[in-house]
1. Which of (1) surrounded by fewer than 12 Cβ atoms within 10 Å (Cβ to Cβ); (2) within 19 Å of Leu15 (Cβ to Cβ) is the odd one out, the single condition Ser94 does not satisfy?
2. Name the single residue that is farthest from the chain's Cα centre (by Cα) among those in the stretch 96-111 being of a type in the set (A, V, I, L, M, F, W, C) and within 11 Å of Ser72 (Cβ to Cβ).
3. So which of Ser27, Ser4 ends up being at negative phi and either surrounded by 10 or more Cβ atoms within 10 Å (Cβ to Cβ) or at pLDDT 65 or above (or both)?
4. Could you please tell me which pairs satisfy a Cβ distance under 7 Å, a separation of 6+ or placement on different chains, a first residue in the stretch 45-56 that is open to solvent by 60 Å² or more (accessible area, probe 1.4 Å), and a second residue that is polar (S, T, N, Q)?
5. Determine whether Leu85 is open to solvent by less than 50 Å² (accessible area, probe 1.4 Å), within 22 Å of Glu115 (Cβ to Cβ), modelled with pLDDT of 90 or more and touching a strand residue (DSSP E or B) at 6+ places or on another chain (Cβ under 8 Å).
6. Sort out which residues of the stretch 81-101 are closer than 14 Å to Cys128 by Cβ and not hydrophobic (A, V, I, L, M, F, W, C), and write them in order of number.
Amino acid sequence: GSLSSGKTHTLMGILPEETFRDNTDASSILQGSLPQDAGEDENTGIAPRLIKDLFNGMTGCPSSVKFTVRCSYVAIYLEKIVDLLEPNANKTLSVYEDLKGVQIDGASEACCFNETDVIALIHRGKACQSVISTQ
């Protein structure tokens, strides 16, 4: 898409600020930023809505059902795939498709137990993305 056309804003919206550095309870990151019905807040992007719906759906399942949520965060920059969770690893990442869907071979994964974990990873990846784009 064109420069400044709103791609990132559409996907991410206005994310809650990361407050881990001042020892604030991590759950406060999401307070007020992802309303109970995320569709009501026009500043909430597609990704935070999806994250909220994913964890709400898991909460509504019987306790006998177990879930594992793993997240990766990559960017395509100058036709190269960069792992934003481990940007200095100098790994060659490749994309392929199999029965599970589109996969990125070599991308790091982090287990996430709730919405706060995913939002924290997004902040971490965004910080690395800013550094990479200025290099």
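1. Every condition holds for Ser94 apart from (2).
2. So in the stretch 96-111, the residues of a type in the set (A, V, I, L, M, F, W, C) come out as 99, 102, 104, 107, 110-111.
So of that shortlist, the ones also within 11 Å of Ser72 (Cβ to Cβ) come out as 104, 107, 110.
Values: Ile104: 15, Ala107: 14, Ala110: 11 Å.
The selected residue is Ile104.
3. Working: Ser4 fails: at negative phi.
None of the others qualify; the one that does is Ser27.
4. The qualifying pairs are Ile46/Thr10.
5. Working: open to solvent by less than 50 Å² (accessible area, probe 1.4 Å): yes; within 22 Å of Glu115 (Cβ to Cβ): yes; modelled with pLDDT of 90 or more: yes; touching a strand residue (DSSP E or B) at 6+ places or on another chain (Cβ under 8 Å): yes.
Against the criterion (open to solvent by less than 50 Å² (accessible area, probe 1.4 Å), within 22 Å of Glu115 (Cβ to Cβ), modelled with pLDDT of 90 or more and touching a strand residue (DSSP E or B) at 6+ places or on another chain (Cβ under 8 Å)), Leu85 qualifies.
6. Across the stretch 81-101, the qualifying residues are Asp83, Glu86, Pro87, Asn88, Asn90, Lys91.
The values are calculated or read from the model by the stated rules, or taken from the named source; none is laboratory data. All values derive from a computational prediction rather than experimental measurement. Note: ideal-geometry Cβ built from the backbone for every residue, glycine included; neighbour counts use all protein chains shown. Accessible surface is based on the protein model in full, side chains and every heavy atom, while ligands, DNA and RNA are left aside. Shrake-Rupley method; radii C 1.70, N 1.55, O 1.52, S 1.80 Å.
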